[in-house]
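Contents: one structure, followed by commentary.
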Amino acid sequence: MTILLLALASYNSHAQYAPQAGLPGSTAMYKDSSAFIDWSSNCLIQRGWLHITDTTLGKTTAGDATNAFGKADGNIVSLGDAGEALFFFENPIINGPGFDFAIFENGFLSPFDSNLAYLELAQVEVSNDGFTFFRFPPICENDTTIQIGGTGDYMDAQHIHNLAGKYIASYGTPFELSELSTQSGLDINDIHYIKVKDIIGSLDENSCVRDANSHKINDPYPTPFPTGGFDLDAIGIIHQKFPTGFSNATIDNTNLFYPNPTNGILHCKNWKAIDEIALYSLEGKVLIRQSGPADDFNLTSLPKGQYALSLRFKNGQQHHQLISKYE
Ligand SMILES: [Ca+2]
Ligand SMILES: [Ca+2]
Ligand SMILES: [Ca+2]
């Protein structure tokens, strides 16, 4: 028993990450901070399960992708167990001084202890091209002897690093791209995609998610509610490549392909400038490739879902756009 207590004491001494919003040393970023120069406006949601070990219950239903657009406002989309949100940024996020973007969830403080809060966590990955993603190494040093329950169990933000949801509602959890500067194959000054994936949170060997130190991430579980899992509010952008509202180079790339979402026929505002166009599945498989000018781009043979369109202009510039096909 003494040995166990000593082990716990030494384990607790690791807790040294920034504390909850409102406490000295916290890195939480309030939604009104002037550091935020723009907000996410394009995202695809892949719902997770209400309860990953009982898929007969179905998936979460609360909110939709539009709840993750614009300034953090407390309106959320619930990802469910292992659900994902994939954000696209036409104007890429870059590594500037200090934090580069922040993710907002809807956690809340314990009424009894301002160090503690009910939090739901998500891992965060970034990508240049939407195909190869690089994860911020997550740390969660919550005790793992007792499962954190779906309601009413609180945790200490000082145990948590590089996981979205570390901070309570209205306070973004910031991420620093320079932490990924040694990842070969990633340009931290050209981040077009951010993926936010719910941590299941179970301590069960078969369904647990582990942190960068192979420690099980103990997070509220199970959460078999329509609002189960990570509740995504917004992504605030701190550093981006071009001024806010910038539309790429000499060609107006904003909504270059329309309508989006589409029933299968996409029109393009500037076919004549395009050299080649390719449509990918989100797993990175090329589905359609087409060269040269044409009047439209036809997806009607594909099932409904999300796709990534990648094109090359005759001047060598590249453009990426996420497409949603709804029937
Ligand atoms: Ca930075
Ligand atoms: Ca979860
Ligand atoms: Ca929102």
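The values are calculated or read from the model by the stated rules, or taken from the named source; none is laboratory data. Model, not experiment: these values are computed from the prediction. All Cβ positions, glycine included, derive from the backbone under ideal geometry; neighbour counts span all protein chains shown. Side chains included, ligands, DNA and RNA excluded: accessible areas come from the protein's heavy atoms. Shrake-Rupley method; radii C 1.70, N 1.55, O 1.52, S 1.80 Å.
Close Lys pairs in the chain, defined as Cα atoms under 17 Å apart and 8 or more places apart or on different chains, number 12. The calculated FRET efficiency for LYS285 paired with ASP143, based on their beta-carbon distance and R0 = 30 Å, is about 0.10.
Between ALA294 and ASN115, the FRET efficiency from the beta-carbon distance, with R0 = 45 Å, is close to 0.15.
The label point for THR66 and the one for SER34, both projected 7 Å from the Cα toward the Cβ, are 3.3 nm apart.
Shape analysis of the chain places it in the prolate category; the axes a ≥ b ≥ c from the Cα gyration tensor give an a/c of at least 1.5, with a/b above b/c. Taking the helices alone, the chain has a mean residue ellipticity at 222 nm of -1000 deg cm²/dmol, built from -39,500 (n - 2.57) per DSSP H run of at least 4 residues and averaged over all its residues.
3J(HN,Hα) along the range 42-48, derived from phi through the Karplus expression 6.51 cos²θ - 1.76 cosθ + 1.60 where θ = phi - 60°, amounts to 8, 7, 10, 10, 10, 4, x Hz, with x in place of Gly and Pro. Here the extension length gained between SER178 and THR151 equals 6.2 nm, from 0.36 nm per residue of separation less the Cα-Cα distance. When the solvent-accessible area of the chain is split by element, carbon and sulfur atoms take up 51 percent of it, the probe being 1.4 Å.
Between LYS272 and THR55, the C-beta separation translates, for a Förster distance of 56 Å, into a calculated FRET efficiency of about 0.70. Compared with the rule-of-thumb size 2.2 N^0.38 Å for a compact globular protein, the range 30-168 has a Cα radius of gyration ratio of 1.11. Taking all protein chains into account, the per residue accessible area for the chain stands at 44 Å² (1.4 Å probe).
Computed over the range 74-142, the P(r) curve from all C-alpha pair distances, binned at 5 Å from the origin, holds 3, 10, 18, 23, 20, 15, 7, 3, 1, 0 percent per bin. With respect to the chain, whose longest principal axis is taken over its alpha-carbon atoms, helix 2-12 is tilted by about 40°. Residue ranges 299-309, 98-108 sort as 98-108, 299-309 when ordered by packing (mean number of other C-beta atoms within 10 Å per residue, highest first). Size estimate for the range 257-325 follows the Kirkwood approach: the inverse of mean 1/r over distinct Cα pairs works out to 12.0 Å. For the pair the range 19-45 / the range 83-148, the C-alpha centres are spaced 11 Å from each other.
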